[in-house]
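Data block below; observations after.
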Amino acid sequence: MHTITLIRGDGIGPEITDATLTVIEAAGVKIKWEEVSAGEGAIAKHGTPLPEEVIVSLKKNKVGLKGPLTTPIGSGFRSINVALRMELDLYANLRPSKTFPGVRSLYKDIDLVVVRENTEDLYSGVEHMVGHDAAESIKIITRKASERIVRFAFDYALKNNRNKVTAVHKANILKLSDGLFLETARAVAEKYPQIEFEDRIVDNMAMQLVQKPQLYDVLVMPNLYGDILSDLCAGLVGGLGLVPGANIGDEAALFEPVHGSAPKYTGQNRVNPSAMIMAAVLMLGYLGETEAAARIEEALAALIKEGKDVTVDLGGVAGTAEMAAALAKRIRG
Ligand code: NAD
């Protein structure tokens, strides 16, 4: 029995969480969920979008599953997602983008993994106004964070039979910050001679990912480039509704869909639960429940390929709950 922290999230979060729990239950994995509330929904009750109990629960259970959270723009509250990653030192953000047969997408054969550094860069939150008419945000890159994220990418490649790691940067312009990232990446790469290593400048990488994504395998990069390019990779395989994310540290891990809370669809039983279901698949793999993880992934791929009991964005007419029920039935066999 695993005890896992559950955050349903805002907007469409509760609907896709219900769908995901239905599917996990069908796979027969025994989980005790410890539910805590974060995000917009927590403000009314706790006066803060990130109550202390969330951090306490995650530190205790070490594994969490989370729906998307709404960060009110300009409210003075810091992004809860960023705060969670920093608090728990979840330094690696893993975002696999893989083609599901049957999904309308630009390419049919994509299998990319973005490994995004999760704790520094322009997301360190160090910014200030310079008078009224200028603002400065500080980009922080350290050798320590660069080294551990590149090592994480290579270790992931080794464990998952991947052949190549590509470091993405803008070291031609940002000679000190991205220069340090690239120099560190090259040094780490030397310790993994069995894995091919190369680097790309981020603008060229964006174009190459659109034109020749099949040439790439595992991509590792600082925070901001990872944020942007992982959404690009999601676009290559058919959209945000399909792509999961994992935030992993040495002590804890938090799994979530890459997409946000899509407030305009709240309560409509309309959105695709696949990204959160795939986040649960990553979580089950992390917990060592590899057989259940594989069973869910295979059943989801088969359901999507058949194209009948799937949501509107996948070309079907099923609601979120109906898609989950069809998937659960398929998993039970
Ligand atoms: P979003 O991902 O919520 O939605 C963008 C669009 O993508 C939606 O309008 C919808 O068309 C589509 N989409 C997203 N998820 C889908 C799904 N499961 N099925 C089908 N279509 C789907 O991005 P946004 O509108 O920029 O952000 C809304 C809120 O979410 C913001 O407050 C933002 O801060 C937050 N957000 C949270 C996270 C997170 O918690 N990890 C990530 C991104 C954005």
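Annotations for the structure displayed:
- Candidate aspartates and glutamates - alpha carbon under 12 Å from K98, same-chain residues fewer than 8 apart omitted: D109, D111, D217, E297
- Report summary: the helix-based calculation at 222 nm, which adds -39500 (n - 2.57) for every DSSP H run with n ≥ 4 and divides by the residues of the chain, gives -13000 deg cm²/dmol.
- Packing, as the average of other Cβ atoms within 10 Å across residues, places the peptides 140-151, 110-121 in the order 110-121, 140-151, highest first.
- Comparing M221, M278, M207 in a Gaussian network model of the chain where C-alpha atoms under 10 Å apart are linked, the largest mean-square fluctuation is found at M207.
- The fraction of all Cα pairs in region 115-159 landing in successive 5 Å bins from 0 to the largest distance is 5, 20, 20, 17, 12, 10, 7, 5, 3, 2, 0, given as whole percents.
- Quotient of C-alpha Rg and 2.2 N^0.38 Å, computed over region 106-236: 1.09
- The listed peptides 99-108, 18-27, ordered by packing as a protection proxy, come out as 18-27, 99-108 (highest mean of other Cβ atoms within 10 Å first).
- Bridge orientation summary for the chain: considering DSSP beta bridges with both residues in this region, about 45 percent are antiparallel.
- Trypsin sites (Lys or Arg not before Pro) restricted to DSSP loop in region 282-325 with at most 14 other C-beta within 10 Å: K308
- Nonlocal amide H pairs with T3, under 5 Å, H built at 1.01 Å: K32
- Projected area, mean over directions - the chain, Cα convex hull, nm²: 17.2
- The fraction of Cα-Cα pairs per 10 angstrom bin, counted from 0 for region 198-257, comes to 18, 52, 26, 4 percent, rounded to whole percents.
- Averaged over its residues, region 106-236 has an accessible area of 50 Å² per residue, based on protein heavy atoms and a 1.4 Å probe.
- Solvent-accessible area assigned to carbon and sulfur over region 106-236 amounts to 55 percent, based on a 1.4 Å probe.
The values are calculated or read from the model by the stated rules, or taken from the named source; none is laboratory data. Owing to the predicted nature of the structure, the values given are computational and were not obtained by experimental measurement. Positions of Cβ are generated from backbone atoms using ideal geometry, with glycine treated the same way; all protein chains shown enter the neighbour counts. Note: areas computed on protein heavy atoms with side chains; ligands, DNA, RNA excluded. Shrake-Rupley method; radii C 1.70, N 1.55, O 1.52, S 1.80 Å.
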